[in-house]
2 protein chains.
Amino acid sequence: MGSGAEFDRIRAIFAQLGNRAAPSGDDCAIVTVGGERIAVSTDLTVEGTHFRAGWLEPNEIGWRAATAALSDLAAVAAEPIGVLASVAVPREWSAERVANLMEGVGAAAAAVGGVVLGGDLVRSERVVIDVTVIGRLGTVVGRSGGHVGDGLWVTGTLGAPRAAIRAWAAGREPTARSRARFAHPVPRIAEAAWLRDLGVTAMIDLSDGLAADAGHLAAASAVACAIESERVPVDAGADRPEDAVVGGEEYELLAAMPTGFDDDEARRFQAQFDLPLTRVGVLREGQGVTVLRGGKPSALDGTFRHFE
Amino acid sequence: MGSGAEFDRIRAIFAQLGNRAAPSGDDCAIVTVGGERIAVSTDLTVEGTHFRAGWLEPNEIGWRAATAALSDLAAVAAEPIGVLASVAVPREWSAERVANLMEGVGAAAAAVGGVVLGGDLVRSERVVIDVTVIGRLGTVVGRSGGHVGDGLWVTGTLGAPRAAIRAWAAGREPTARSRARFAHPVPRIAEAAWLRDLGVTAMIDLSDGLAADAGHLAAASAVACAIESERVPVDAGADRPEDAVVGGEEYELLAAMPTGFDDDEARRFQAQFDLPLTRVGVLREGQGVTVLRGGKPSALDGTFRHFE
């Protein structure tokens with residue numbers, strides 16, 4: 001639903017809509033059809049806000065925009081059905097560039113079992129792409145089910161997308177590794193289903209960054225998150241380790257797992273998905289997020305706000 | 001799915017996606033969930049392409065964008081479940097303006113029994129609003145079921161939105177009537193269900209204008225449309241009668257009805273919905289659209305291309 005302050009703002013706006021609105025507060029809204037639950041979410045990517053011209057190839061813009069939306073399905077452990085992509089491009093874009101962008105959308109959907117269901121195409125000064133995702137939902141997984149004592153686990157490794165943005169913003173080319181992490185993120189759909197099957201109590205994707213999204217999970221679950229910064233898995237493409245805690249634009253998952261879930265289970269996860277699953281903290285009584293360094297609270301928190 | 005040439009272009013792009021894409025060619029894609037069919041569609045509105053700053057109040061921008069998408073549900077006679085609205089606004093927009101825009105979205109959805117299911121909110125230089133609609137579908141109504149001999153019927157009265165755009169583009173204030181028709185269109189949801197129950201064979205909404213959308217219906221049904229221009233109901237807010245044939249941005253319906261459907265039925269429609277239902281032509285063997293004036297083909301055809 002967008003990053004920190006924006007999220008708060010849109011929630012306030014939805015609240016004003018009263019009974020005309022039915023937002024879930026989680027990454028997806030849930031609709032029941034024919035006795036089955038479907039999860040829906042939408043994610044808007046705008047040139048100049050989420051990326052700048054020249055950073056990405058058209059197929060990467062499409063892939064990344066689709067992944068940002070598909071990652072919302074991962075956060076609730078839904079199985080993708082399909083995506084709708086509304087695209088606005090400048091007049092000078094050729095049909096081939098538009099096709100490449102849509103190919104990126106289609107490839108991202110296909111990689112997790114979805115199809116392109118439809119879309120819209122208009123002209124605009126800046127590139128805009130809005131992707132709506134629809135998925136089948138089994139057990140409802142949200143942000144609000146975390147319990148005191150649950151371990152906090154993170155998929156993958158963090159911090160590289162911020163390094164890529166920093167390089168571009170400084171006029172440098174990012175490293176291949178950080179560039180790939182920014183341009184070609186992977187929605188953790190199968191991983192989410194695995195975590196759900198092993199009893200995940202609350203889950204969220206890290207589009208706003210670990211510290212901020214832990215804050216959303218803590219607030220929804222009415223608990224506190226304690227994160228040990230030394231445990232946070234730093235990606236090889238990161239240039240500053242703190243980006244693993246506060247950098248955003250990640251599409252990994254933060255999962256609260258019950259106390260029985262341990263490193264043996266995490267090794268099974270790693271073997272199955274070729275992806276680390278790392279315990280980074282615990283849910284405690286209280287509220288908010290504390291990032292511990294050497295066992296003591298540090299100042300590493302707050303919300304990632306794109307690159308503006 | 002966007003206007004004429006854009007429609008053709010996006011179809012070509014979807015075709016390139018091969019089996020990764022599943023567009024329906026109709027106004028909505030159809031997904032089966034739990035044995036029920038749902039219809040989904042998305043419609044992107046961009047400042048500078050669909051309207052200009054100063055033309056509309058924020059709540060009108062929201063209403064109009066939602067109606068553009070909801071009208072796609074009307075075209076397939078689906079019953080709205082809800083909408084998702086992705087919104088980008090310039091930095092100088094206050095929270096109140098954003099709330100007003102979302103109120104417009106919520107009001108348009110509520111007016112036809114839907115709710116706001118979710119959304120996204122980001123910053124952008126220009127206003128962008130993408131609305132995705134989800135609805136329940138009974139009998140599948142599409143563009144492709146029209147038969148030779150079916151009558152072509154239009155709901156409401158046409159031509160006023162183009163008059164409003166023409167006035168604004170010339171620096172004048174539009175008349176109250178034409179302004180209202182542009183700013184506050186109504187998706188014909190209940191009317192579509194009525195037409196479906198009386199055997200509609202093919203239907204489309206008039207977002208591209210009567211002549212262009214008749215062309216889409218003709219192509220999908222593999223027939224020709226013959227439209228008698230004298231029969232086309234011209235709105236009191238229109239300043240040029242030909243806008244009723246070629247002006248776009250209408251959200252009325254064009255319906256192909258079986259031969260038994262006559263003016264008596266249309267009067268029942270008018271009595272129920274306080275809205276005209278007018279026979280404007282017939283489906284014939286052949287292809288394309290012929291607009292007849294005094295029984296002879298005229299040059300009134302082609303696609304509306306916004307105001308660019």
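The values are calculated or read from the model by the stated rules, or taken from the named source; none is laboratory data. Predicted, not measured: the structure shown is a model, and the values here were computed from it. Here the Cβ is made from the backbone with ideal geometry for all residues, glycine too, and neighbour counts use every protein chain on show. Ligands, DNA and RNA are excluded from the accessible area calculation, which covers all protein heavy atoms including side chains. Shrake-Rupley method; radii C 1.70, N 1.55, O 1.52, S 1.80 Å.
Looking only at the range A:74-124, residues that are of a type in the set (D, E, K, R) and assigned to a helix (DSSP H, G or I) come to 3 in all. With respect to the conditions (1) within 14 Å of chain A (Cβ to nearest Cβ); (2) open to solvent by less than 30 Å² (accessible area, probe 1.4 Å); (3) more than 30 Å from B:Phe261 (Cβ to Cβ), B:Ala163 lacks only one, and its number is (1). Quick one: count up the residues across the range A:128-169 that are under 20 Å from A:Ala53 (Cβ atoms) and over 21 Å from the mean Cα position of the chain (by Cα). Qualifying residue count, the range A:128-169: 3.
When you look at B:Thr132, is it closer than 30 Å to A:Ser207 by Cβ, modelled with pLDDT of 95 or more and open to solvent by less than 50 Å² (accessible area, probe 1.4 Å), yes or no?
Details: closer than 30 Å to A:Ser207 by Cβ: yes; modelled with pLDDT of 95 or more: yes; open to solvent by less than 50 Å² (accessible area, probe 1.4 Å): yes.
Answer is yes for this residue.
Would the range B:79-88 turn up any residue that is open to solvent by 10 Å² or more (accessible area, probe 1.4 Å), in contact with a strand residue (DSSP E or B) (Cβ under 7 Å, 6 or more places away or on another chain), under 17 Å from B:Arg188 (Cα atoms) and within 7 Å of chain A (Cβ to nearest Cβ)? Checking the range B:79-88: at least one residue is open to solvent by 10 Å² or more (accessible area, probe 1.4 Å), in contact with a strand residue (DSSP E or B) (Cβ under 7 Å, 6 or more places away or on another chain), under 17 Å from B:Arg188 (Cα atoms) and within 7 Å of chain A (Cβ to nearest Cβ).
Taking the conditions exactly as written (touching a residue at least 40 places away in the same chain (Cβ under 8 Å), facing chain B (nearest Cβ under 7 Å), open to solvent by 30 Å² or more (accessible area, probe 1.4 Å) and farther than 21 Å from B:Ala68 by Cβ), does A:Glu103 satisfy them or not? Please lay out each step first, then the result.
Values: touching a residue at least 40 places away in the same chain (Cβ under 8 Å): yes; facing chain B (nearest Cβ under 7 Å): yes; open to solvent by 30 Å² or more (accessible area, probe 1.4 Å): yes; farther than 21 Å from B:Ala68 by Cβ: yes.
For A:Glu103, the condition - touching a residue at least 40 places away in the same chain (Cβ under 8 Å), facing chain B (nearest Cβ under 7 Å), open to solvent by 30 Å² or more (accessible area, probe 1.4 Å) and farther than 21 Å from B:Ala68 by Cβ - is met.
Inside the range A:108-120, residues that are open to solvent by 10 Å² or more (accessible area, probe 1.4 Å) and more than 7 Å from chain B (Cβ to nearest Cβ) make up a count of 3. State yes or no: is B:Glu173 farther than 27 Å from B:Pro233 by Cβ and of a type outside the set (Gly, Ala, Ser)? In short, no.
In the set (1) of a type outside the set (Gly, Ala, Ser); (2) closer than 17 Å to A:His184 by Cα; (3) facing chain B (nearest Cβ under 7 Å); (4) open to solvent by 10 Å² or more (accessible area, probe 1.4 Å), the condition left unmet by A:Glu125 is number (2).
Residues A:Val148, A:Val186, A:Val140, A:Val200: which one is at negative phi, away from every other protein chain (no Cβ under 14 Å), at pLDDT below 95 and in a loop (DSSP other than H, G, I, E, B)? Reasoning before the result, please.
Working: A:Val148 fails: at pLDDT below 95; A:Val186 fails: at pLDDT below 95; A:Val200 fails: at pLDDT below 95.
Answer to the check: A:Val140.
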